[in-house]
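Here's the structure, in structure tokens; my notes come after.
The values are calculated or read from the model by the stated rules, or taken from the named source; none is laboratory data. As the structure is a computational prediction, the values presented were derived from the model and not from experiment. Cβ atoms come from the backbone with ideal geometry, glycine included; neighbour counts cover every protein chain shown.
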Amino acid sequence: MDIIHKNKSLSVRSNLPDYEKTYQEFSWEKAKAELIFFPDGTFNAAYNAIDRHAESDKKDKTALIYESDKGEKESYTFAQLKEQTNKFANVLASQGVEKGDRIFIFLPPTPERYIAFLGILKTGAIAGTMFSAFQETALMDRLADSGAKIVVTNSELFSRIQKIWKDLPDLQKVILVDEGDFPEKEKLISYQQEMTTASADFNVAHLKPDDFAYMLYTSGTTGKPKGVVHAHADLLQAILTTKYVLDVKDQDIYWCTADIGWVTGVVYGVLGIWGLGGTSVVFGGRFSPEAWYKIIADNKVTVWYTAPTAIRMLMGSPVDPKQYDLSSLRHLCSVGEPLNPEGVMWGKETLGLPFHDTWWQTETGSICITNYPSMDIKPGSMGKPFPGVVAGIVDDNGQELPAKQDGHLALKPETVYSLMKQIWKNEEKYKSYFNNGWYISGDQAFKDEDGYFWFVGRADDVIKTSGERVGPFEVESTLIEHPSVLEAGVIGKPDELRGEIIKAFVVLKQGVEPSDALKEEMAAFVKGKLAGHAYPREVEFIDKLPKTRSGKIMRRILKAREMGQPIGDTSTLEEY
Ligand code: PRX
């Protein structure tokens with residue numbers, strides 16, 4: 001740790017007041033001055049993200065620059081986004097959408113999904129977002145549990161909804177952003193048609209700051225994904241962290257590479273950046289080093305928020321970034337999985353700027369631990385808590401541990417303004433996050449003598465593959481739907497590029513012949529049913545799964561076996 005301790009060479013601009021002073025002076029109450037409340041004390045995040053700027057001298061400032069995979073560009077000013085989101089809110093209102101209804105967005109990266117998201121918030125309904133790689137099982141889990149009333153999608157993705165609609169009694173209508181001729185005609189709404197005639201005036205819903213704004217389904221160790229619900233005023237922490245961590249200033253061109261189906265895409269692709277009145281780039285194409293460097297060069301991106309797997313892919317690619325003019329970049333941040341010191345240094349050496357790691361979760365709603373622009377980076381560390389946020393390392397009883405001891409990374413819930421407000425219809429699950437006055441993140445970490453936090457690993461079986469969170473149970477449940485599978489146990493296997501890959505241990509039904517072709521068939525089966533990113537890249541056939549006497553699959557034993565490590569305590573294990 002000596003070489004990384006106080007690595008002054010990575011110290012960057014000091015454009016913040018001394019952050020130690022900021023810690024002392026910070027209060028969420030004072031920070032609320034960043035938000036606009038209506039005169040009666042009510043609030044709306046979409047009003048704060050769009051309308052307040054559209055009604056100010058920022059009205060003609062570009063809010064959204066969209067570039068498709070074919071290089072076609074569209075841009076929207078704050079005034080234009082206000083008009084479009086008002087229209088969409090009117091389209092929803094004309095369908096009887098009310099406060100608290102769940103409206104889900106299932107679209108590839110296009111301007112419509114941003115318009116839809118903010119339009120939903122304007123009505124007081126709750127916006128849900130879904131990754132466009134989701135297949136019927138992942139869609140079913142989310143739409144059924146949330147009782148979604150309307151889905152906004154396109155005609156290509158609609159075919160997946162079509163297959164499950166009969167099992168979704170709450171789903172009344174589907175809004176198609178493009179035209180399509182489907183048998184469900186009377187339950188389909190044309191976005192284009194409705195938007196042409198909708199009024200551009202809308203009375204934005206006046207809500208309590210704690211009223212729900214959006215929900216995101218995320219995976220844990222057990223059960224199906226859970227609906228993490230966030231409130232309108234959670235926007236405050238998104239704005240402050242965009243300002244002080246991502247360091248976005250008025251003239252910046254900012255690019256957050258995350259998809260809106262994940263929390264980073266919602267919080268830092270929509271709420272934080274527009275809450276702050278900044279300009280955001282959205283790329284409609286897939287990852288490739290050439291395409292990504294081109295987006296930075298063509299749009300003169302200055303602030304870039306991306307993820308370790310992408311950084312590692314860029315590092316390992318033969319494409320030379322020096323072929324592109326990336327000189328506009330001035331601040332780089334990363335999130336989602338451990339950022340190796342090599343990634344930080346690659347930024348410094350290749351782009352002239354180190355990556356600043358940030359740590360947070362779907363549940364925390366915004367960045368909580370981070371490397372500020374003005375801090376000395378210790379490559380490999382997640383940094384220090386954001387002002388106002390109190391973080392600690394605690395043991396299983398919620399007792400705080402001293403520096404340099406591994407334990408649960410925990411937060412004082414009352415200090416995390418954007419912390420989830422509910423797990424949808426699952427009070428028990430919500431309560432399970434808290435212990436002795438701490439919110440327990442599920443991550444293992446330690447704190448060093450300077451107060452920097454270091455990630456150690458997950459405390460549970462949650463898998464992080466290419467930065468995306470996958471629950472082993474979801475993959476296991478999908479695998480056992482395959483006619484040849486008797487049982488399956490799924491783990492995250494460490495992988496240099498993707499952080500982890502999904503590995504499945506499968507017990508075949510009697511009489512089924514194991515073969516490589518069958519392994520491939522199983523991977524494709526999960527990909528086609530669950531999601532494009534959540535399939536096992538490795539399948540191994542085994543005779544028996546390690547289980548507790550009560551029948552629970554012991555994934556930790558599968559993992560130890562995979563890694564050639566000692567199996568540990570097996571006292572609760574059924575004979576294996
Ligand atoms: O395990 C941690 C990892 O990602 C988890 C949260 O995943 P999700 O809810 O999908 O949100 C991701 C984007 C906010 C955490 O519990 N994680 C996130 N950031 C880091 C990280 N692991 C190590 N270092 C990080 N900077």
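Which residues, counting only those in the stretch 279-315, are within 16 Å of the ligand (Cβ to nearest atom) and of a type in the set (S, T, N, Q)? Selection gives Thr306, Thr309.
Selection over the stretch 220-247 of residues that are out of contact with any Leu (no Cβ under 6 Å at 6 or more places or on another chain), of a type in the set (S, T, N, Q) and buried (at least 22 other Cβ atoms within 10 Å of the Cβ) gives a count of 2.
Scanning the stretch 352-375 for residues that are out of contact with any His (no Cβ under 6 Å at 6 or more places or on another chain), in a loop (DSSP other than H, G, I, E, B) and closer than 15 Å to Tyr268 by Cβ returns Trp360, Gln361, Thr362, Thr364, Ser366, Ile367, Cys368. Read through the list (1) modelled with pLDDT of 95 or more; (2) of a type outside the set (Ser, Thr, Tyr); (3) within 13 Å of the ligand (Cβ to nearest atom); (4) in contact with a helix residue (DSSP H, G or I) (Cβ under 8 Å, 6 or more places away or on another chain), then give the number of the only condition that Phe434 fails. With respect to (1) modelled with pLDDT of 95 or more; (2) of a type outside the set (Ser, Thr, Tyr); (3) within 13 Å of the ligand (Cβ to nearest atom); (4) in contact with a helix residue (DSSP H, G or I) (Cβ under 8 Å, 6 or more places away or on another chain), Phe434 is out only on (3). Select from the stretch 444-462 the residues that are in contact (Cβ under 8 Å) with a residue 40 or more places away in the chain, closer than 23 Å to Arg556 by Cβ and within 11 Å of the ligand (Cβ to nearest atom) and list them in ascending order. Correct list: Ala445, Trp454, Phe455, Val456, Ala459, Asp460, Val462. Among the residues of the stretch 502-553, those identified as modelled with pLDDT of 95 or more, of a type outside the set (A, V, I, L, M, F, W, C) and under 27 Å from the mean Cα position of the chain (by Cα) are Lys503, Lys527, Gly528, Lys529, Tyr535, Pro536, Arg537, Glu538. The single condition among (1) away from the ligand (no atom under 16 Å from the Cβ); (2) touching a Ser or Thr at 6+ places or on another chain (Cβ under 9 Å) that Ile480 does not meet is (2).
Annotation note: of Gly343, Gly347, the sole residue that is crowded, with 22+ Cβ neighbours inside 10 Å, within 14 Å of Arg312 (Cα to Cα) and more than 12 Å from the ligand (Cβ to nearest atom) is Gly347.
All conditions in (1) more than 24 Å from the chain's Cα centre (by Cα); (2) in contact (Cβ under 8 Å) with a residue 12 or more places away in the chain hold for Phe117, with the sole exception of (1). Filtered by the rule that a residue be assigned to a strand (DSSP E or B) and either touching a Pro at 6+ places or on another chain (Cβ under 6 Å) or buried (at least 24 other Cβ atoms within 10 Å of the Cβ) (or both), the stretch 121-158 gives Ile126, Ala127, Gly128, Thr129, Ile150, Val151, Val152, Thr153. Specify the residue that is surrounded by the most Cβ atoms within 10 Å (Cβ to Cβ); the eligible residues are those in the stretch 279-293 that are without any contact (Cβ under 8 Å) to a residue 40 or more places away in the chain and closer than 28 Å to Ile239 by Cα. Here the residue is Trp292. Given the condition at pLDDT 95 or above and closer than 22 Å to Ala258 by Cβ, answer yes or no: does some residue in the stretch 396-412 qualify? So far as the stretch 396-412 goes, yes, one or more of its residues are at pLDDT 95 or above and closer than 22 Å to Ala258 by Cβ. Looking across the stretch 405-420, just one residue is away from the ligand (no atom under 15 Å from the Cβ) and crowded, with 19+ Cβ neighbours inside 10 Å, and that is Tyr417.
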